[in-house]
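A.B. asks: This is the structure I want to talk about, given as structure tokens.
Derivation of every value follows stated rules applied to the coordinates shown; laboratory data play no part. None of the values given here were measured: they were computed from a predicted structure. Using ideal geometry, Cβ is built from the backbone for each residue, glycine included, and neighbour counts are taken over all protein chains shown.
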Amino acid sequence: MIEIQNVRKSFGDLEVLKGIDLTVQRGEVVTVIGGSGSGKSTLLTCINGLEPIDSGRITIDGTEVHAKSTNLNKLRRKVGIVFQQWNAFPHLTVMENVTLAPRKVLGMAKAEAEAIAEKQLRHVGLGDKLTTYPSRLSGGQQQRMAIARALAMSPDYMLFDEVTSALDPQLVGEVLETLKMLAEEGMTMICVTHEMGFARDVSKRVAFFHQGIMAEIGAPDQLFGDPQHPETQKFLANVR
Amino acid sequence: MAARITRAAFLLFPKGRITQMFDYTFQWKQALNRLPQMLDGAMVTMEIAILSMGLGILLAILLTVMRLSGSRPLMAFATTWVEIARNTPALFQIYMAHFGVASFGIHFSPFVSLLIGITFNNAGYLTENFRGALKAIPDTQGRAGRSLGLTQLQAFRHIIMPQMLRISFLPMTNQMVWAILMTSLGVTVGMNSDLYGVTQDLNALTFRTFELFALAGVIFYLITKAITFGGRLIAARLFRY
């Protein structure tokens with residue numbers, strides 16, 4: 001379970017998170033929507049400790065992320081994150097991209113790590129690209145590789161930060177299909193997205209962020225069908 | 001005009017070979033007889049350059065890590081090194097490694113002093129090359145590594161450093177060329193087994209100054225050309241991505 005309690009975060013004078021409360025249960029898929037600058041991506045990087053927070057607390061299965069005593073490298077094994085820019089490691093083959101962390105972080109033997117990597121890469125449809133370098137892959141393929149790379153650590157939670165925003169429109173579908181498949185398999189996921197159709201189909205709850213505040217959260221039918229907050233109404237009217 | 005140049009060239013090179021110019025009679029054979037000794041010297045030159053490059057790269061990686069460490073004393077140490085290496089003559093650096101430290105009772109052989117001096121210089125320049133290369137690698141690379149649970153050092157070792165070395169590979173071959181040429185400064189600290197030192201000694205013995213140093217120049221040229229060419233071949237094989 002991920003518990004976010006009254007989290008505040010500023011970059012300089014700009015307060016990007018103004019007291020966020022959110023609890024995500026195991027097996028739940030929560031999507032976060034909202035305009036740019038609403039703080040939704042920052043929240044994800046705070047959840048896995050890539051960004052410090054100013055106040056409040058975030059706990060993952062009872063471990064406080066930002067406590068000094070917390071070993072973040074260890075905690076991050078539990079929480080996979082995939083970014084808008086997929087960040088493929090260009091000097092490594094697809095297989096090496098995926099086996100790097102299992103080998104170096106979990107201390108897995110090469111053969112074992114490769115078996116897991118191959119399974120995950122087949123899972124995301126890249127079984128025939130194992131020895132390819134990322135530069136030979138399309139954006140959608142690189143993004144799916146990044147997903148496989150995160151999955152190879154067998155995380156309990158996955159965070160997706162606008163993973164389709166940097167893709168050509170015709171490549172968005174293949175990545176969303178991969179996310180849907182994960183959701184159906186019961187992965188706990190927090191997805192920041194601009195894909196409203198995806199949010200509606202896949203999530204159990206949808207949260208709407210506006211200027212650092214979680215203005216509204218609810219089941220997709222309720223939030224999309226009968227939004228309560230005026231900002232949610234405005235936002236949804238514009239994206240439709 | 002062209003005809004005059006041709007005629008002049010014909011006077012200078014009657015059989016396609018320089019034999020006499022001004023009042024100097026060329027005796028190429030004397031110099032060529034010494035070629036084996038000079039090639040032995042060239043081996044020593046290459047040995048120093050290769051050693052100083054290997055050590056220089058290791059030190060430069062260390063200095064780069066220091067610069068990234070965030071620790072003020074380490075950053076100051078690395079910056080001081082780079083500043084001195086890049087802003088003082090290589091001759092000064094080699095002098096200090098020999099006569100400078102001798103003032104404190106530390107005595108190195110000319111070979112060791114020359115090696116230390118060139119290594120110091122290489123490390124400084126390479127660190128600066130690495131800094132440029134690091135700028136070309138997006139921050140998000142390290143971040144992606146950290147998000148997978150790698151420690152900062154692991155992310156540097158496995159993600160940042162390989163890319164950094166690739167980007168700075170061609171500048172590194174330049175530095176290798178530099179290292180070869182810098183060995184010639186060894187004569188100032190009494191080095192006489194490298195190419196330049198050998199040539200200097202042979203000159204004192206035979207007074208065939210022009211021929212010997214011209215020959216040394218050709219050997220230097222061929223070595224550095226071979227390095228540049230070899231570097232390109234290695235780069236093409238090593239970095240296929």
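A.B. asks: Between exposed trypsin sites (Lys or Arg not before Pro) in chain B, where DSSP calls loop and at most 11 other Cβ atoms lie within 10 Å, what's the longest gap?
C.D. replies: My reading of the result: B:18-239 is the longest stretch.
A.B. asks: For the range B:22-39, just list the computed ³J(HN,Hα) in residue order, Karplus coefficients 6.51, -1.76 and 1.60, θ = phi - 60°, integers in Hz, with x standing in for Gly and Pro.
C.D. replies: Once rounded to whole Hz, the list reads 6, 9, 9, 9, 6, 10, 5, 4, 4, 5, 5, 4, 8, 3, x, 5, 5, 5.
A.B. asks: Cα-based Rg of chain B per 2.2 N^0.38 Å, rounded to two decimals?
C.D. replies: Numbers: Rg = 22.8 Å, N = 241, 2.2 N^0.38 = 17.7 Å.
So chain B has a normalised radius of gyration of 1.29.
A.B. asks: 5 Å is the cut-off here: which amide hydrogens, built 1.01 Å from N in the peptide plane, fall below it relative to A:Glu216, excluding neighbours closer than 5 in sequence?
C.D. replies: A:Phe208
A.B. asks: Turning to a different aspect of this structure: Out of residues 5 or more away from A:Gly34 or on other chains, whose amide H comes under 5 Å of its own, with H placed 1.01 Å from N in the peptide plane?
C.D. replies: Correct list: A:Phe209.
A.B. asks: Ranking request for peptides A:95-102, B:117-124: highest mean number of other beta-carbon atoms within 10 Å first, then the rest in descending order.
C.D. replies: Ranked by mean Cβ neighbours within 10 Å, highest first: B:117-124, A:95-102.
A.B. asks: If you take the square roots of the eigenvalues of the alpha-carbon gyration tensor of the range B:102-241 and sort them as a ≥ b ≥ c, do you get rounded (a/c under 1.5), prolate (a/b over b/c) or oblate?
C.D. replies: oblate
A.B. asks: Ignoring everything except DSSP H segments at least 4 long, calculate the 222 nm mean residue ellipticity for chain B; use -39,500 (n - 2.57) per segment, divide by total residues, nearest 500.
C.D. replies: Per the formula, -23500 deg cm²/dmol.
A.B. asks: Which residue, chosen from A:Ile4, B:Ala179, B:Ala236, occupies the Cα position most advanced towards the positive end of the dipole of the protein assembly as shown, where the dipole is computed from +1 (Lys, Arg) and -1 (Asp, Glu) charges on Cβ about the Cα centre?
C.D. replies: The one lying farthest along the dipole's positive direction is B:Ala179.
A.B. asks: In peptide A:89-95, how many Cβ atoms from other protein chains are near each Cβ within 10 Å, on average?
C.D. replies: Per-residue shielding by partner chains comes out at 5.
A.B. asks: Here is a further query. Just the number, please: percent antiparallel of the DSSP beta bridges in the protein assembly as shown, rounded to the nearest 5.
C.D. replies: Numbers: 22 of 40 bridges.
Approximately 55 percent, going by the DSSP bridge assignments.
A.B. asks: Using unit Cβ charges (K, R positive; D, E negative) and no other charged atoms, how large, in debye to the nearest 20, is the dipole of the range A:85-240 about its Cα centre?
C.D. replies: 360 debye
A.B. asks: A further question follows. Which order, highest average first, do A:115-125, A:73-83, B:212-222 follow once you tally other Cβ atoms within 10 Å for each residue and take the mean per peptide?
C.D. replies: Descending packing order for the listed peptides: A:73-83, A:115-125, B:212-222.
A.B. asks: Please work out whether the protein assembly as shown counts as rounded, prolate or oblate from its C-alpha gyration tensor, where a ≥ b ≥ c are the square roots of the eigenvalues and a/c under 1.5 means rounded, while otherwise a/b larger than b/c means prolate and anything else oblate?
C.D. replies: Because a/c hits 1.5 or more and a/b exceeds b/c, the protein assembly as shown counts as prolate.
A.B. asks: What is the average number of partner chain Cβ atoms found within 10 Å of a Cβ in A:75-85?
C.D. replies: Average per residue, whole number: 3.
A.B. asks: Let me ask something else about it. Using a 10 Å cut-off around each Cβ of peptide B:158-164, what is the average number of partner chain Cβ atoms that fall inside?
C.D. replies: 4
A.B. asks: Still on this structure, I have one more. Which entries of A:Lys9/A:Lys40; A:Lys18/A:Lys40; A:Lys9/A:Lys74; A:Lys74/A:Lys104 show an alpha-carbon separation above 18 angstrom in the structure shown?
C.D. replies: Correct reply: A:Lys9/A:Lys74.
A.B. asks: Also, I was wondering about something else. Apply the Karplus parameterisation 6.51 cos²θ - 1.76 cosθ + 1.60, with θ equal to phi minus 60°, to every residue of the range B:216-228 and state each ³J(HN,Hα) to the nearest whole Hz, in sequence, with x for glycine and proline.
C.D. replies: Coupling constants for the range B:216-228: 4, x, 5, 5, 4, 4, 5, 4, 5, 4, 4, 5, 4 Hz.
A.B. asks: Let me know the shape class of the range A:3-89, please: from the alpha-carbon gyration tensor, a ≥ b ≥ c as square roots of the eigenvalues, rounded when a/c is under 1.5, otherwise prolate if a/b is greater than b/c, or oblate.
C.D. replies: rounded
A.B. asks: Next up: Quick one: plug the Kirkwood hydrodynamic radius of the range A:27-176 (C-alpha pairs) into Stokes-Einstein at 25 °C, 0.890 mPa s, and report D in µm²/s.
C.D. replies: After rounding, the answer is 151 µm²/s.
A.B. asks: Could I ask something else about it? Tally Lys and Arg at +1 and Asp and Glu at -1 over the other residues with C-beta under 15 Å from the C-beta of B:Arg232: what net charge comes out?
C.D. replies: Here the charged neighbours net out to +4.
A.B. asks: All other residues with a Cβ under 9 Å from the Cβ of B:Gln27 taken together, and with Lys, Arg as +1 and Asp, Glu as -1, what is their net charge?
C.D. replies: Value of the local net charge: +1.
A.B. asks: Just the ratio, please: alpha-carbon radius of gyration of the range B:164-241 over 2.2 N^0.38 Å, N its number of residues.
C.D. replies: 1.39
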